[in-house]
Amino acid sequence: MLKDIKDIIRSLCDTSGVSGNEYEASKKVRELLSEYCETRTDALGNVIGHIEGDGAHILLDAHIDRIGFVVTSVDECGFVKASKCGGSDIRVLPAGEAVVFGKETVYGVFTSTPPHLKKDEKGNKASDDIYIDTGLSSARDIIRPGDRAILKNNWRELLGGRVASGALDDRAGAAAILRCLELLKYEEHNCEITVLFSVQEETTGGGAVTGAFQTNADEAIVVDVSFALAPDIEKEKAKPLGGGVLIGVSPSLDYDLSEELKLTAENEDIPFSIEAMGGGTGTNADDIRTSGEGIKTALLSIPQRNMHTGVEVCDISDIEDTARLLAAYITERGALND
Amino acid sequence: MTEELKNLCAVSGVSGREAAVAGYIMSKLEGKAQYKVDNLGNIIAFKKGAKRPKNKVMFAAHMDEVGFIITYITDEGFLKFDTVGGINVSVILGKNVLVGKKQLSGVVGVKPVHLLKREDETKYPELDKLYIDIGASSKEEAEAYVSIGDYAYFDSDYTEFGDGLIKARAIDDRAGCALMLEMIYSDLPYDAYFAFTTCEETGDGGAAVAAFTVKPDYAVVLEATTAADIAGVSGEKRVCELGKGPVVSFMDRKTIYPKELYDHIMNTASENGIKAQTKTMIAGGNDAGVIFKSGSGVRVAAVSLPCRYLHSPSCVIKKSDYDETLRLLYAVLPEIAVL
């Protein structure tokens, strides 16, 4: 019985795990991963799973951290000052709901500048000063500098199998890998597989480079999100939401591996688009390829709207297509080595 | 005490479409007050008190809230919209909304910050560039669920947090409606009228008509008003503050409140040991602006709850201010009934 992929995505999105403090998300993803293989957590917090095999050794990576905020100071009226932790879009914060992870979990609201104070020279621009109103005079006893905060998780299901949450980057990718493992339960192959749910992609990239170093993998496939078309985006800069998985082609990616993935998608009738990039991919792929003695690396991306906001939108069919392509590739790669 | 507020904030009623709010309020008025609904959708209720007042007193609060109206559906299935009432783009971008009669989940789209030029990363788009994404992939799919002219509103629930704070969507002005219901549930010393009005956020259509019908000698408008008592704002620019009780206005951008009445209310508060404050800037406006010009003129007062992040998905008030406001209203009615 295949598990409902939507439940997996939601259970991952509903955990915190801001970059550098991924514990809650790592715990959840490890619990899900342990249904398929032995798992461990490394020094930096990466969750690593391993499936034995005599054939090619394939590393599957998705990052488990999410963007958020890190507390820098707390005042006596309960206003918490924070900095971005990762590339959060600060324009969406005013009057948004916040969750601060102090000694206790504290609810708050991102402050919004009232209209009478907007008339100054700055005009209608987002303020770099990020404050969360916790309404707690005792906030200083509960929240300390270094604590993390997020835009509150508002999981929503839209029409047509589309979902919205503030953590789909890259919990969608993690879900695709878990789904791939589920699909592989019903397939024969001899690949050795290492799964890496890496930390700190949104900030330092430290999780992927160290996680990949531990694997000796022959090749790596990174799963992340990329830009989906929307009314305000130029057509050449994004791909259709619901149009299938994106296969990256870039100088940072292994050309032949990308080509193999493309052929597999064609053979298996899995919808895909080619995402061509002139340089680095801005994902873990850039770090993994240069890890240790170097790893041939490919990138699969799930189209996403409103990246780095509280309302990231993905189409579940794209996540499913990504999982299918991963599983089909591994099955094929494993069969070749028979 | 705030149970009614919670119930009222759970109902949606963007200006021009207050029927659900009105329906809830009428169900609560049944057997408690006489009422009628006028041509503009105002509910005018009359509550009999222990005595007949010398002056006819009307309390007024508006039922409508700010929100959105769908104006166009694109070929790709995105919804274009206009705001109903004044809402700043900064609190719309990237927010969850509920659309149409079916209360469909939607999100307000945001161009990813990665695709913006560095100097544009903090800049807000123009309102007419915004769109709601309900997940539809085509105009046809969207049209199966949404029609042009449908209303949308912020998807934000009632939450209590902090030291007795409340966050909800439509506190402006369900708080005023809730206060009036509380008064109607209780035994009043004098007869009083209560007008639950429509379309305050779009131009005060309802209140003018309600006042014309009731012809009060005195009107007390119950509102939620901007409190800027947040980090980074100091002095008079804070306007008013949570926890300091109801805000009594002497002047705003629409109304000059009669000085004697303002003074009288402030004195009443002080004599009864009720916290009260005033606004330290001439800002905002409310139904008082049309009520005072109604018929041959009405003496008006405005008593407001200080509210952070007004006209946003997350209006924030303090429960103690709500309780204190109710106390002040009970103290004020017998005073102005016989002034």
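The values are calculated or read from the model by the stated rules, or taken from the named source; none is laboratory data. Just so we're clear, the structure is a prediction, and the values are computed from it rather than from any experiment. Every residue, glycine as well, gets a Cβ built from its backbone with ideal geometry; the counts of neighbours run over all protein chains shown. Each accessible area value is taken on the protein alone, full model and side chains, heavy atoms only, with ligands, DNA and RNA left out. Shrake-Rupley method; radii C 1.70, N 1.55, O 1.52, S 1.80 Å.
Note on chain A: GNM, Cα springs under 10 Å; of A:Asn306, A:Asn154, A:Asn124, the largest mean-square fluctuation is that of A:Asn124. A cut-off of 5 Å between modelled amide H atoms, ignoring neighbours fewer than 5 places along the same chain, links B:Val97 with B:Gly106, B:Val107, B:Val108, B:Asp155.
Can you work out the FRET efficiency for the pair B:Ala20 and A:Glu38, with r the C-beta to C-beta distance and R0 = 51 Å, to the nearest 0.05?
Numbers: r = 55 Å, r/R0 = 1.08.
It comes out at approximately 0.40.
For A:Lys152, give me every one of the aspartates and glutamates with a C-alpha distance below 12 angstrom, ignoring sequence neighbours fewer than eight places off in its own chain. Counting by Cα, and skipping residues close in sequence, A:Lys152 has these aspartates and glutamates nearby: A:Asp14, A:Glu97. Residue-wise HN-Hα couplings along the range A:259-272, as the Karplus relation 6.51 cos²θ - 1.76 cosθ + 1.60 with θ = phi - 60° gives them from phi, are 5, 4, 5, 5, 4, 4, 4, 5, 4, 8, 6, 9, x, 8 Hz; Gly and Pro carry x.
Measuring nothing but how far apart in sequence close Cα pairs (under 8 Å, 6+ apart) lie, relative to its length, chain A scores a relative contact order of 23 percent. Counting, for every residue in A:145-158, the Cβ atoms of other protein chains within 10 Å of its Cβ and taking the mean gives 2. Highest GNM mean-square fluctuation among B:Asp133, B:Asp173, B:Asp187, for chain B modelled with Cα contacts below 10 Å: B:Asp187. Using +1 at the C-beta of Lys and Arg and -1 at the C-beta of Asp and Glu, which of A:Cys37, A:Gly280, A:Leu159 has the Cα lying farthest in the positive direction of the dipole of chain A? Of the listed residues, the answer is A:Leu159.
Taking the helices alone, chain A has a mean residue ellipticity at 222 nm of -8000 deg cm²/dmol, built from -39,500 (n - 2.57) per DSSP H run of at least 4 residues and averaged over all its residues. Peptides A:276-285, A:325-334 ranked from most to least packed by the mean count of surrounding Cβ atoms within 10 Å: A:325-334, A:276-285. Run the helix sum for chain B: -39,500 (n - 2.57) per DSSP H stretch of 4+ residues, divided by residue count, reported at 222 nm to the nearest 500 deg cm²/dmol. Value at 222 nm, helices only: -7500 deg cm²/dmol.
Using only alpha carbon positions, build the gyration tensor of the range A:162-251, then give the equivalent ellipsoid semi-axes as the square roots of 5 times its eigenvalues, largest first, whole angstrom. Each step should come with its number before you reach the end.
Numbers: eigenvalues 134, 65, 38 Å².
Over the Cα atoms of the range A:162-251, the ellipsoid semi-axes are 26, 18, 14 Å.
Amide H contacts for A:Gln304 (H built 1.01 Å from N in the peptide plane; partners 5 or more residues away or on another chain; cut-off under 5 Å): A:Ser226, A:Phe227, A:Ala228. Near B:Val84, the amide H atoms lying under 5 Å from its own belong to B:Gly67, B:Phe68, B:Ile69; only residues 5 or more places off or on other chains count, and H is placed 1.01 Å from N. When +1 charges are put on Lys and Arg Cβ atoms and -1 charges on Asp and Glu Cβ atoms, the dipole computed for the range B:67-154 relative to its Cα centre reaches about 260 debye.
Considering only A:Ile130, A:Ile319, A:Ile221, the mean-square fluctuation computed in a Gaussian network model of chain A, springs between alpha carbons under 10 angstrom, is largest for A:Ile130.
What the range A:142-182 shows is 21 Å² of accessible area per residue, with the surface traced by a 1.4 Å probe over protein heavy atoms. For the range B:67-154, the solvent-accessible area of protein heavy atoms averages 41 Å² per residue (probe radius 1.4 Å; ligands and nucleic acids excluded).
Pairs of lysines in the range B:45-128 whose Cα atoms sit within less than 26 Å of one another amount to 12, provided the residues are eight or more positions apart or on different chains. Here the range A:69-151 is assigned +1 on the Cβ of each Lys and Arg and -1 on the Cβ of each Asp and Glu. Its dipole about the Cα centre then comes out at about 200 debye.
Assuming R0 = 30 Å, what is the FRET efficiency of B:Lys123 and A:Glu76, from their Cβ-Cβ distance, to the nearest 0.05? Numbers along the way, then the final one.
On the way: r = 33 Å, r/R0 = 1.11.
Efficiency for this residue pair is about 0.35.
Among residues other than B:Lys48 with Cβ under 12 Å from its Cβ, the summed charge is +2 (Lys and Arg +1, Asp and Glu -1).
If you place +1 on the Cβ of every Lys and Arg and -1 on the Cβ of every Asp and Glu, how big does the dipole about the Cα centre of the range B:149-291 come out, in debye to the nearest 20?
Numbers: 12 positive and 23 negative charges, 87 e Å.
With only Lys, Arg, Asp and Glu charged at Cβ, the dipole is about 420 debye.
Lysines near B:Lys318 by alpha-carbon distance under 16 Å, same-chain residues fewer than 8 away left out - which ones? Within reach: B:Lys6, B:Lys167, B:Lys244, B:Lys275.
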